[in-house]
1. Return the FRET efficiency for the residue pair VAL163, ASP60: r is the Cβ-Cβ distance, R0 is 35 Å, and the value is rounded to the nearest 0.05.
2. List the trypsin sites (Lys or Arg not before Pro) in the stretch 1-39 that DSSP assigns to loop (not H, G, I, E or B) and whose Cβ has at most 14 other Cβ atoms within 10 Å. Which are they?
3. Pairs to check: LYS172/LYS353; LYS12/LYS54; LYS27/LYS113; LYS108/LYS164. Give those whose C-alpha atoms are more than 26 Å from each other in this structure.
4. What GluC sites (Glu not before Pro) in the stretch 16-84 are in a loop by DSSP, with at most 16 other Cβ atoms within 10 Å of the Cβ?
5. Give me the distance in nm between label points sitting 7 Å out from Cα along the Cα-to-Cβ direction at ARG156 and LYS108, one decimal.
6. Output the peptides 164-173, 335-344 sorted from most to least packed, where packing is the average of other Cβ atoms within 10 Å over each peptide's residues.
7. If R0 is 45 Å, what FRET efficiency do you get for GLU178 and ALA46 from their C-beta distance, rounded to 0.05?
8. Determine, for each peptide in 102-114, 322-334, the mean count of other beta carbons within 10 angstrom over its residues, then list the peptides with the highest first.
Amino acid sequence: MRAALVGVDFGKGDFAASLEELSLLSKSAGAQPAVVITGKRSSPDAALFVGSGKADEIADAVVRDQLDIVIFNHALSPAQQRNLERHLKIRVVDRTSLILDIFAQRAKSHEGKVQVELAQLQHLATRLIRGWTHLERQKGGIGLRGPGETQLETDRRLLGDRVKALRTRLDKLQRQRETQRRARGRSNTFSVSLVGYTNAGKSTLFNALTKAQAYAADQLFATLDTTSRRIYLGEAGNVVISDTVGFIRELPHQLVAAFRATLEETIHADLLLHVVDAASPVRMEQIEQVNAVLSEIGADHIPQILVWNKIDAAGLEPALERDEYDKIRRVFISAQTGAGLDLLREAIAEFAKENPVARLDRLPVQEQHDARA
């Protein structure tokens, strides 16, 4: 599938890095970026996002390069998407839809699939309400509608029913996860969650630490489902390590909401290993983006150790850095080669010994009583 990538520079952030990321996202979704079209504006055009001149330039490229799809590096309103598709006579996808599509391809577990479908339907609902007015006049429809109900009203109702059913199922899955977590809490097991920007190397590190075979690939969002494994760290005893979904700039809100159940693992961790791609030129910005999502899900209060991964690509040596209070701040490793992993294990063990698990205070009063009994 040949694609045109479209990015508009509004003078914020690293525009080149953002476009590079769009290219990676497109490839992850199965598209082949054939042409990149950029422009500068102070604000989006209300009708076409890019303005009529730039829209004509994209239309010319569609014909010239025999493109199948146009992918925007921005969130488009339903009206803008509709207007662009009419103007370009080709399918137009925005950044939100692209990420949702990748998530739909990657989801493996039942929970992951439910979460993705919920996010997709919530995104579609905004398009239904404003975007499908051409269906308002249609009547009839065997077996679906009550008297006088329009196509749009039916679509909204069916969508609403499906969203409700998915939410109920997610709530049930979340309760099951909560039960498992409480069981871990009662056994006083120290828990560590790997967090970080997508493609920072979390799954490779998870495999290296736990000798598990979690799926790891050089692509965005290779991991969607949280995987947990127990490892033994000498005097520190057993520790549970969880691999989580990667974060990205402008992660669609529907996804953050839908994946809250999966990300709960992060909120209830005793320590976060914030994995950073040390070789990325925009690593500091990526750290900020991850911290912004952690704040959004209520996990910004949990202690962090920054794990600078891929030191082999960045030309750095394995090392362990402490702050002025002698607390471990950063560990430099390569999950791929194994360099520095011994330092990281030491760091986790040291933190676990200094911060013994006090999980009873996280349980409801009755369960605290049961657990102490």
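Every number here is computed from the coordinates shown, using simple stated rules; none is lab data. Only a predicted model underlies this, so the values are computations on that prediction, with no experimental measurement involved. We place every Cβ from the backbone using ideal geometry, glycine too, and count neighbours over all the protein chains shown.
1. 0.30
2. LYS12
3. Over 26 Å apart, Cα to Cα: LYS172/LYS353.
4. Answer in residue order: no site qualifies.
5. 4.0 nm
6. Packing order, densest peptide first, comes out as 335-344, 164-173.
7. 0.50
8. So the order, starting with the most tightly packed, is 102-114, 322-334.
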